[in-house]
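Working notes, structure below.
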Amino acid sequence: MASSTAFAPAKINLTLHVTGQRADGYHLLDSLVVFADIGDQIYCQPSEGLSLSVDGPMSKGVPTDGSNLVLKAAHLYRDGAGVGAGAHITLTKSLPAASGIGGGSSDAAAALRALSALWKVDCPKPTDTLSLGADLPVCVDPVPQRMRGVGEKLSQVAKVPELAILLVNPRIEVPTPSVFKATTKKDNPAMEEVLPAWADADDFLAWLMATRNDMQPAAEAIAPEITGCLKAISATQGVRLSRMSGSGATCFGLYRTLQEAMAAKQVMQTNHPDWWIEAGRTGATPTSPEL
């Protein structure tokens with residue numbers, strides 16, 4: 001019997017500029033997003049209805065009912081496409097929840113890709129998923145993208161140099177609404193209108209150092225553990241940039257080589273055995289073949 005799988009990569013906001021706030025309260029963003037080869041896995045098999053089970057090292061507390069974004073996206077997709085078939089979806093959870101790396105949104109987007117292969121129906125357009133959250137559209141096609149507006153204005157960014165990355169979460173959750181509320185300045189400068197054509201990884205890193213995550217100061221004020229996390233990453237050998245992703249609490253370090261990132265992972269695991277720590281690459285998202 002046919003089945004399908006899809007990889008749900010961690011979404012990394014390398015930059016996150018808060019550029020305004022609409023009258024309805026939604027914040028306007030300008031963010032360069034990449035995806036890492038670290039993530040969750042989706043497995044879909046035919047079933048009469050739509051159902052979800054969750055396993056994996058980070059599965060504790062993840063709901064399997066209609067409150068899970070994976071099932072919300074699956075129902076929206078099936079109803080919108082007029083599909084009569086169902087599916088049982090298995091989510092193998094390796095990313096921490098509510099951590100600023102788009103875990104739930106990436107899971108939902110991966111489920112859409114896997115269901116598209118299973119049902120032989122075109123995957124929804126990114127903008128068709130905006131009602132499920134600002135992060136979901138950018139995750140539908142996990143390639144480097146510039147995300148603007150409230151998440152609906154997407155443009156692919158060509159030739160983003162690949163880097164090694166260390167992802168670290170001090171095992172805390174920071175509610176995104178609280179971070180937005182605590183971000184006092186809402187009209188920060190956007191990135192330049194036309195992004196540079198970076199010559200190489202060093203050129204890209206130099207450009208990144210002049211960018212920002214405007215939500216980081218507010219997140220650090222709410223959760224001082226983030227400050228400690230960033231200091232620990234900054235102390236690792238070979239790190240070129242440390243920053244928080246999204247609204248936190250996951251932080252990242254960027255390195256030129258995977259060997260440097262793996263060495264940093266070993267040091268961090270020794271010094272902070274209770275933290276979630278993974279190393280990998282950006283721009284190298286594994287894809288799982290249809291079974």
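The values are calculated or read from the model by the stated rules, or taken from the named source; none is laboratory data. Being a predicted model, the structure only gives us computed values, none of them experimental. Neighbour counts are summed over all protein chains in view; Cβ atoms, including those assigned to glycine, are modelled from backbone coordinates with ideal geometry. For the accessible areas, the whole protein counts, side chains as well, though only heavy atoms, and no ligand, DNA or RNA atoms are used. Shrake-Rupley method; radii C 1.70, N 1.55, O 1.52, S 1.80 Å.
Just how far, in whole angstrom, is region 73-147 from region 45-68 if you go by their alpha carbon centroids?
One Cα centre to the other: 14 Å.
If you count only protein heavy atoms with a 1.4 Å probe, what accessible area per residue comes out for the chain, rounded to a whole Å²?
Values: 12610 Å² over 291 residues.
Heavy-atom accessible area per residue stands at 43 Å².
Multiply the residue separation of A2 and E48 by 0.36 nm, subtract the distance between their alpha-carbon atoms, and state the gained length in nm to one decimal. Present the calculation step by step, with values, prior to reporting the outcome.
Values: separation 46, 0.36 × 46 = 16.56 nm, distance 1.40 nm.
Working it through step by step, the gained length comes to 15.2 nm.
Report the label-to-label distance for H272 and D55 in nanometres (one decimal), using points 7 Å from each Cα along the Cα→Cβ vector.
So the two model labels end up 3.0 nm from each other.
Run the paramagnetic zone check for Q21: 7 angstrom along Cα to Cβ, then residues of region 171-189 with backbone nitrogen under 11 Å.
Correct set: 180-187.
Please state the charge dipole magnitude for region 31-172, taken about the Cα centre, from unit charges on C-beta atoms (+1 on K and R, -1 on D and E), reported in debye and rounded to the nearest 20. Don't jump to the answer; show the numbers that get you there.
Values: 12 positive and 13 negative charges, 56 e Å.
Magnitude of the dipole: close to 260 debye.
How much length would be gained if the chain were fully extended between D122 and S234, taking 0.36 nm per residue of separation minus their Cα-Cα distance, in nm to one decimal?
Numbers: separation 112, 0.36 × 112 = 40.32 nm, distance 4.35 nm.
That works out to 36.0 nm of additional length.
Hey, could you get me the Stokes-Einstein D for region 76-233, Kirkwood radius over alpha-carbon pairs, 10 °C and 1.306 mPa s, rounded to whole µm² s⁻¹?
Details: Rh = 18.2 Å.
Taking Rh from Cα pairs, D becomes 87 µm²/s.
Quick one: dipole size for region 168-291, taken about the Cα centre, charges +1 on Lys/Arg Cβ and -1 on Asp/Glu Cβ, in debye to the nearest 20.
Numbers: 11 positive and 14 negative charges, 66 e Å.
Charge dipole, region 168-291, about its Cα centre: 320 debye, nearest 20.
With +1 assigned to the C-beta of every Lys and Arg and -1 to the C-beta of every Asp and Glu, and no other charges, what is the dipole magnitude of the chain about the Cα centre in debye, to the nearest 20? Show your work: numbers first, answer last.
Details: 24 positive and 29 negative charges, 56 e Å.
Rounded to the nearest 20 debye, it is 260 debye.
For the chain, report the translational diffusion coefficient in µm²/s to the nearest whole number, using Stokes-Einstein at 25 °C, 0.890 mPa s, and a Kirkwood Rh over Cα pairs. All intermediate terms of the calculation are to be shown ahead of the outcome.
On the way: Rh = 19.3 Å.
In µm²/s, the coefficient is 127.
Could you pull out every residue, at least 5 positions away or on a different chain, whose amide H is within less than 5 Å of the one on A8? Hs are placed 1.01 Å off N in the peptide plane, and Pro or chain starts have none.
D40, Q41, I42
I'd like the carbon and sulfur percentage of the solvent accessible area for the chain, probe radius 1.4 Å, heavy atoms only, ligands and nucleic acids excluded. If you can, show how the numbers build up before the last one.
Working: 6650 of 12610 Å².
Reported share for carbon and sulfur atoms: 53 percent.
Determine how large the accessible area of L28 is when every protein chain is in place; take a 1.4 Å probe and give Å² rounded to the nearest 10.
Per-residue accessible area (L28): approximately 50 Å².
Could you tell me which trypsin sites (Lys or Arg not before Pro) in region 52-155 are loop residues by DSSP with no more than 12 other beta carbons within 10 angstrom of their beta carbon? Walk me through the intermediate numbers first.
Values: sites: K60, K72, R78, K93, R113, K120, R146, R148, K153; in loops: K60, K93, K120.
When the trypsin sites (Lys or Arg not before Pro) of region 52-155 are filtered for loop state and at most 12 Cβ neighbours within 10 Å, K60, K120 remain.
Which three lengths, in whole Å and largest first, does region 12-130 cover when its Cα atoms are put on their principal axes?
Principal-axis extents of region 12-130 (Cα, largest first): 45, 34, 24 Å.
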